[in-house]
Amino acid sequence: MKKKIITIIGARPQIIKSSAISRAVKNEFNEQLEEIIVHSGQHYDASMSSIFLEEMSIPQPKYNLGVGSGSHGAQTGKMLEGLERIFLDEKPDAVLVYGDTNSTIAGALAAAKIRIPVVHVEAGLRSFNKSMPEELNRVACDHMSTLLFTPTETGITNLKKEGFAIENVNKASADNPKVYHCGDIMFDNSLYFSDVSAKKSEILKAHNLTTNDYVLMTVHRDSNTDVKENMESIFQSVVDLSSKYNLPFVLPLHPRTKGKLETQLSSELYQKVMDSNKVQIIEPVGFLDIIALEKNARMIVTDSGGLQKESFFFEKPCVILRPQTEWIEIVNNGNALLADADRVRINEAFDALYLKTDYTYPSFYGDGKAAEFICQKIVNEL
């Protein structure tokens, strides 16, 4: 008899991550697993959601809660109510959640409260900064989970320090969780979709971009976009560096962030950014296009956790616009530098990485088979 799993998605990164599991269920575990997808509606902009479902060949969600935007409490509360109702109706064998969003914590809490096993993909990641909502979500989710799948050895170390029995051989349960180092499912996806992107994406041509002759930059975190000083500092650096290196900076901006430019930047800087022929602000792009932009960039500047990793997958230096990162391996190995939202640090980090030549790319994130590993453990353990 098939085991029924409900997968919770809601934000762009989760939609992308879930494609690896859905692919594995369809291709290798079709006789053992039934997957039902629930979209929380956390990302309400169609270009940030439906376009990804189509590109990733993810089955259409059976349910969409349509919670939309709102405060953390309001969003999470609506999700809890809707998810509990779905879980009681569907009676799944497990609920699978990804990462660290409000959808993640709502899915985990709603399931755990009614004793449905929680499977957390990307467990054990820590920024050690509890002012970040994502840190609270990921820590709480780990401690409600029955199966924890961490992409890195660092994740294993973090969970061990928090009291998890890494060598547990007994049957998995919420009180007796099992932890596995599985590699990163985003590495699975990057390998799988890289060739597809090369054949299908027209993004470079559409924006007159030349391979290794532009910088890909993204900014979306509230801690940057909602703080005037941070936005001013970040975009001063964009003006500085695009001029210094004569490199276009390409910024696919979420509508919310795009709207913040005029309100958060000084009128003088806003005009400089808007008038610069080296700053290209474009609409949010699909996954195949973002892969093409990453693969062909000279460097990446971002506050996105996903793009930090993908910069490593595609062997691109990365300036991180945050004070900490969960992906500490790439910083320790010299592939990325933390610059926060500090103009001086951003410029110095960019200079250092631009001039560096002795990069290495160890296999921190597995062998590209994380999704199959996760599915097999669900079959065996639950």
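The values are calculated or read from the model by the stated rules, or taken from the named source; none is laboratory data. Keep in mind it's a predicted model, so treat the numbers as computed, not measured. In this analysis, Cβ positions are derived from the backbone assuming ideal geometry, glycine residues included, and neighbour counts consider all displayed protein chains.
Within segment 161-177, is there a residue that is at pLDDT 95 or above, aliphatic (A, V, I, L, M) and not in a loop (DSSP other than H, G, I, E, B)? Among the residues of segment 161-177, not one is at pLDDT 95 or above, aliphatic (A, V, I, L, M) and not in a loop (DSSP other than H, G, I, E, B), which makes the answer no. Considering 244, 228, 272, 260, the condition of being farther than 22 Å from residue 309 by Cβ and touching a Ser or Thr at 6+ places or on another chain (Cβ under 6 Å) is satisfied by 260 alone. Which condition does residue 130 not pass, out of (1) surrounded by fewer than 17 Cβ atoms within 10 Å (Cβ to Cβ); (2) touching a residue at least 60 places away in the same chain (Cβ under 8 Å); (3) of a type in the set (Lys, Arg), if it passes all the others? Just one mismatch for residue 130, condition (2).
Of the helices (runs of 4 or more DSSP H) that lie entirely inside segment 244-303, not one contains 1 or more residues that are of a type outside the set (D, E, K, R), buried (at least 18 other Cβ atoms within 10 Å of the Cβ) and touching a Pro at 6+ places or on another chain (Cβ under 6 Å).
Look at (1) among the aromatic types (Phe, Trp, Tyr); (2) surrounded by fewer than 21 Cβ atoms within 10 Å (Cβ to Cβ); (3) within 20 Å of residue 213 (Cα to Cα) and you find that residue 235 fails only one, number (2). For residue 326, are the conditions met, namely being under 26 Å from residue 228 (Cα atoms), surrounded by 20 or more Cβ atoms within 10 Å (Cβ to Cβ) and not basic (Lys, Arg)? Yes, satisfied.
Screening the candidates 225, 211 for the property of being within 18 Å of residue 315 (Cβ to Cβ) and among the hydroxyl-bearing types (Ser, Thr, Tyr) yields one hit, 211. Pairs are defined by a Cβ separation below 6 Å, a sequence spacing of at least 6 or placement on different chains, a first member in segment 351-373 that is closer than 14 Å to residue 314 by Cα, and a second member that is loosely packed, with under 13 Cβ neighbours inside 10 Å and among the charged types (D, E, K, R); the pairs so defined are 361/315. In segment 191-200 there is no residue that is modelled with pLDDT of 95 or more and over 19 Å from the mean Cα position of the chain (by Cα).
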